[in-house]
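Enquirer: Pasting a structure below so you can have a look.
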Amino acid sequence: MVDESRDLTLYVQSKRAITTFYRPPISGDVPGARPTSAPSAPGEGGTDTVGEEGVLFLSDDQARCVALTEEIATKRGYHVKVVDIAKAGRVERLIAEHLRGVQTFPVLISPRGLRLEGAEMFTEERLSELMPSELHSVRAFTYIKVHGGDLDRIRTLLETFSEVKELHLLTGDWDMLVVLDFPPPATKRRVLDFVTERIRGIPEVLDTSTLVPEFTVTKFPID
């Protein structure tokens, strides 16, 4: 069964270029007939089409957006349908409610109706927001209480651990919060072993408290 909640539509708008390039008729062409345009797929350019009527091509900025969107969608388990409105029929364009008010292309529509419009908006961060993904790694959060010592030195030491992805200085009962990340197949025990052996092994660390979520969804880019 297809999961439509992971289907996105990417609308692009190719341009028409006039060319005088000519190639001999191929099998199936009518001898003596004038070559006609046969638009290529988005991003493939237009060198395979001929005739003064012109060829359709996708600009480099839109082609980049298509490539980036498809790359991130594949990584996060989504499917992207690319629609070139320059090739779509008039009726199809009129009923495309998502394109009302659109000024620039490309436009990406998420299953929830959210959209990105314009090539400058197509960044890895923005695309990740539109395609939330389950994390296969184990993410954990550890509160740290420090007894004296140099906080800058402790921070520098924590930053050397590859498992530490974020570090926050706090006020209140706890002095620090670190975000830990462990690649699969990680377990809760592995997380706690790391905390008790590596973090609690720092002389100035007085106490720790660790939370290991059962399920995590992220809008951040995935390494």
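Enquirer: Going by the structure shown, is Asp207 out of contact with any Lys or Arg (no Cβ under 6 Å at 6 or more places or on another chain), under 24 Å from Arg153 (Cα atoms) and exposed (fewer than 14 other Cβ atoms within 10 Å of the Cβ)? Working first, answer last.
Expert: Values: out of contact with any Lys or Arg (no Cβ under 6 Å at 6 or more places or on another chain): no; under 24 Å from Arg153 (Cα atoms): yes; exposed (fewer than 14 other Cβ atoms within 10 Å of the Cβ): yes.
For Asp207, the condition - out of contact with any Lys or Arg (no Cβ under 6 Å at 6 or more places or on another chain), under 24 Å from Arg153 (Cα atoms) and exposed (fewer than 14 other Cβ atoms within 10 Å of the Cβ) - is not met.
Enquirer: OK, next. Could you please find all residues in region 135-159 being more than 23 Å from Thr218 (Cβ to Cβ) and part of a loop (DSSP other than H, G, I, E, B)?
Expert: Those that are more than 23 Å from Thr218 (Cβ to Cβ) and part of a loop (DSSP other than H, G, I, E, B): His147, Gly148, Gly149, Asp150.
Enquirer: Taking the condition of being crowded, with 17+ Cβ neighbours inside 10 Å and either modelled with pLDDT of 95 or more or hydrophobic (A, V, I, L, M, F, W, C) (or both), how many residues in region 100-116 meet it? Let's see the steps before the verdict.
Expert: Residues of region 100-116 crowded, with 17+ Cβ neighbours inside 10 Å: 105-110, 115-116.
Of the ones still in play, those that are also either modelled with pLDDT of 95 or more or hydrophobic (A, V, I, L, M, F, W, C) (or both) are 105-109, 116.
Summing the residues that are crowded, with 17+ Cβ neighbours inside 10 Å and either modelled with pLDDT of 95 or more or hydrophobic (A, V, I, L, M, F, W, C) (or both) in region 100-116 gives 6.
Enquirer: Turning to a different aspect of this structure: For region 43-67, what are the residues that are surrounded by fewer than 16 Cβ atoms within 10 Å (Cβ to Cβ) and at pLDDT 90 or above?
Expert: Within region 43-67, Asp60, Asp61, Arg64, Ala67 qualify.
Enquirer: Please go through region 165-189 and give me each residue that is assigned to a helix (DSSP H, G or I) and more than 20 Å from Glu134 (Cα to Cα), ordered by number. Give the derivation first.
Expert: Step one: of region 165-189, the residues assigned to a helix (DSSP H, G or I) are 188-189.
Within region 165-189, Arg189 is the sole residue that qualifies.
Enquirer: Looking at (1) free of Cβ contacts under 8 Å to residues at least 40 places away in the same chain; (2) not in a loop (DSSP other than H, G, I, E, B), which is the only condition Ser162 fails?
Expert: Result: Ser162 fails condition (2) only.
Enquirer: Hey, can you tell me all the residues within region 183-196 that are modelled with pLDDT under 95 and crowded, with 18+ Cβ neighbours inside 10 Å?
Expert: Ala186
Enquirer: Shifting gears a bit: Restricting attention to region 80-99, report how many residues are modelled with pLDDT of 80 or more and either hydroxyl-bearing (Ser, Thr, Tyr) or closer than 24 Å to Ser128 by Cα (or both). Give the steps one after another, and end with the answer.
Expert: First, pick out the residues of region 80-99 that are modelled with pLDDT of 80 or more: 80-87, 99.
Remaining after also requiring either hydroxyl-bearing (Ser, Thr, Tyr) or closer than 24 Å to Ser128 by Cα (or both): 80-84, 99.
Of the residues in that region, 6 qualify.
The values are calculated or read from the model by the stated rules, or taken from the named source; none is laboratory data. None of these values were measured; they are calculated from a predicted model. Quick reminder, even Gly has a Cβ in these numbers, built from the backbone with ideal geometry, and neighbours come from all protein chains shown.
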